[in-house]
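Read the structure below first, then the notes.
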Amino acid sequence: DVEFVGKWEYKANPVAKYTVGYKFESETAGKELPQAVKDLLPTDADEYVNGDTVNAKQPAKAEVEVADGKWVFKGYEPAGPVTVGTEDVKFVGKWEFVAKEHNTTYKFESATTGKELPQEVKDLLPTDAAKYKKGEQVTAKQPGQTQVTVADGKWEFKGYEPASPVTVGTEDVKFVGKWEFIADEHNVSYEFVSGTAGKELPQAVKDLLPTDADEYVNGATVNAKQPAKAEVEVADG
């Protein structure tokens with residue numbers, strides 16, 4: 001009889017290998033990731049087969065300071081560890097922007113040369129414990145009263161520099177309130193009296209009484225106006 005013997009050789013299928021990739025995304029609407037965050041993106045040159053377990057590589061740091069705040073790493077999607085299936089693995093890292101918070105401070109200054117603010121004005125200085133973020137608007141708090149009466153006049157609040165509202169930038173907001181001193185004004189009046197007992201002043205003397213329509217502030221020097229003449233002739237003297 002004739003017998004044919006067929007030969008078969010076994011060749012294993014190549015094992016499928018998969019890669020692991022990383023991507024960062026901003027989790028804050030309207031804010032793009034800065035380069036300083038993108039530079040932290042991990043890489044993985046290894047290859048993995050079905051059934052392997054992969055733990056995501058963490059970025060070198062989880063917070064990145066920028067001019068107007070900081071970026072905080074919130075984790076990966078999917079959260080590790082991941083079991084490799086029949087596709088490449090891709091970890092998407094989420095970053096959240098936390099805006100820097102700024103203070104608002106107040107200061108009062110005298111707008112009148114040579115006049116220091118009294119304590120009664122200083123006691124009206126507002127305070128603000130709130131925190132503000134870049135882009136927010138701050139309206140200056142007005143003092144409890146805009147006029148303060150003192151012994152020789154009054155102080156009037158003239159407003160803040162800068163004028164509010166102010167849009168917060170990358171620094172604290174400082175409002176400087178200006179106060180102006182208005183001195184009390186005083187009148188000068190005249191009166192004639194007789195220096196001779198039993199003798200009343202005649203009308204001809206009274207008619208010489210000076211007047212002064214001006215007003216004077218504390219510290220001003222006033223010279224009395226002299227009557228038009230220093231002697232008045234009457235019938236008996």
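Does segment 185-192 include one or more residues that are closer than 30 Å to residue 230 by Cβ and among the polar types (S, T, N, Q)? Before you say what the answer is, go through the steps one by one.
Pass one, segment 185-192, residues closer than 30 Å to residue 230 by Cβ: 186-192.
Retained after the next criterion (residues that are among the polar types (S, T, N, Q)): 187, 189.
Scanning segment 185-192 turns up at least one residue that is closer than 30 Å to residue 230 by Cβ and among the polar types (S, T, N, Q).
Go through segment 69-87 and report how many residues are exposed (fewer than 13 other Cβ atoms within 10 Å of the Cβ), of a type in the set (Ser, Thr, Tyr) and within 16 Å of residue 23 (Cβ to Cβ).
0
Kindly indicate whether residue 99 is of a type in the set (A, V, I, L, M), out of contact with any Phe, Trp or Tyr (no Cβ under 8 Å at 6 or more places or on another chain) and either more than 26 Å from residue 43 (Cα to Cα) or surrounded by fewer than 17 Cβ atoms within 10 Å (Cβ to Cβ) (or both).
Details: of a type in the set (A, V, I, L, M): yes; out of contact with any Phe, Trp or Tyr (no Cβ under 8 Å at 6 or more places or on another chain): yes; either more than 26 Å from residue 43 (Cα to Cα) or surrounded by fewer than 17 Cβ atoms within 10 Å (Cβ to Cβ) (or both): yes.
Answer is yes for this residue.
Quick one: residue 75 ticks every box in (1) touching a Ser or Thr at 6+ places or on another chain (Cβ under 7 Å); (2) over 26 Å from residue 164 (Cα atoms) bar one, so which box is it?
With (1) touching a Ser or Thr at 6+ places or on another chain (Cβ under 7 Å); (2) over 26 Å from residue 164 (Cα atoms) applied to residue 75, the lone miss is (1).
Looking only at segment 217-226, decide whether some residue is open to solvent by less than 60 Å² (accessible area, probe 1.4 Å) and basic (Lys, Arg).
Looking through segment 217-226, none of the residues is open to solvent by less than 60 Å² (accessible area, probe 1.4 Å) and basic (Lys, Arg).
Of the residues 115, 90, only one is over 27 Å from residue 168 (Cα atoms), open to solvent by 40 Å² or more (accessible area, probe 1.4 Å) and in a strand (DSSP E or B); which? First the steps, then the outcome.
Values: 115 fails: in a strand (DSSP E or B).
That would be 90, the only listed residue that is over 27 Å from residue 168 (Cα atoms), open to solvent by 40 Å² or more (accessible area, probe 1.4 Å) and in a strand (DSSP E or B).
Hey, can you tell me all the residues within segment 136-157 that are part of a loop (DSSP other than H, G, I, E, B) and open to solvent by 50 Å² or more (accessible area, probe 1.4 Å)? Steps first, please.
Our first condition is that a residue be part of a loop (DSSP other than H, G, I, E, B); within segment 136-157, this holds for 136, 139-146, 151-152.
If the condition is that a residue be part of a loop (DSSP other than H, G, I, E, B) and open to solvent by 50 Å² or more (accessible area, probe 1.4 Å), then 136, 139, 141, 142, 144, 145, 146, 151 are the ones that fit.
Go through segment 56-65 and give me each residue that's of a type in the set (A, V, I, L, M, F, W, C) and surrounded by 13 or more Cβ atoms within 10 Å (Cβ to Cβ).
56, 62, 64
Answer yes or no: is there a residue in segment 40-55 that is open to solvent by 100 Å² or more (accessible area, probe 1.4 Å) and assigned to a helix (DSSP H, G or I).
No; the residues of segment 40-55 include none that is open to solvent by 100 Å² or more (accessible area, probe 1.4 Å) and assigned to a helix (DSSP H, G or I).
Among 38, 23, 31, 74, which is free of Cβ contacts under 8 Å to residues at least 40 places away in the same chain and charged (D, E, K, R)? Reasoning before the result, please.
Details: 23 fails: free of Cβ contacts under 8 Å to residues at least 40 places away in the same chain; 31 fails: free of Cβ contacts under 8 Å to residues at least 40 places away in the same chain; 74 fails: free of Cβ contacts under 8 Å to residues at least 40 places away in the same chain.
Being free of Cβ contacts under 8 Å to residues at least 40 places away in the same chain and charged (D, E, K, R) holds for just one of 38, 23, 31, 74, which is 38.
Just to check your reading of the model, which residue among 7, 38 is more than 29 Å from residue 87 (Cα to Cα) and either of a type in the set (Val, Ile, Thr) or at pLDDT 95 or above (or both)? Explain how you work it out, then say what you get.
Working: 38 fails: more than 29 Å from residue 87 (Cα to Cα).
So the residue among 7, 38 that is more than 29 Å from residue 87 (Cα to Cα) and either of a type in the set (Val, Ile, Thr) or at pLDDT 95 or above (or both) is 7.
Sort through 159, 177, 153 and tell me the only one that's touching a residue at least 40 places away in the same chain (Cβ under 8 Å) and within 30 Å of residue 103 (Cβ to Cβ). Spell out how you get there, then give the answer.
Details: 159 fails: touching a residue at least 40 places away in the same chain (Cβ under 8 Å); 153 fails: within 30 Å of residue 103 (Cβ to Cβ).
Testing whether each residue is touching a residue at least 40 places away in the same chain (Cβ under 8 Å) and within 30 Å of residue 103 (Cβ to Cβ) leaves just 177.
How many residues are polar (S, T, N, Q), open to solvent by 60 Å² or more (accessible area, probe 1.4 Å) and within 30 Å of residue 221 (Cβ to Cβ) if we restrict to segment 158-194?
To start, the set of residues in segment 158-194 that are polar (S, T, N, Q) comprises 164, 167, 170, 187, 189, 194.
Within this subset, residues satisfying the condition of being open to solvent by 60 Å² or more (accessible area, probe 1.4 Å) are 167, 170, 187, 189.
Applying the additional criterion that residues be within 30 Å of residue 221 (Cβ to Cβ) yields 187, 189.
Residues in segment 158-194 being polar (S, T, N, Q), open to solvent by 60 Å² or more (accessible area, probe 1.4 Å) and within 30 Å of residue 221 (Cβ to Cβ): 2 in total.
The values are calculated or read from the model by the stated rules, or taken from the named source; none is laboratory data. On a predicted model such as this, the values are computed, not experimentally measured, just so you know. Cβ: placed from backbone, ideal geometry, glycine included. Neighbour counts: every protein chain shown. Accessible surface is based on the protein model in full, side chains and every heavy atom, while ligands, DNA and RNA are left aside. Shrake-Rupley method; radii C 1.70, N 1.55, O 1.52, S 1.80 Å.
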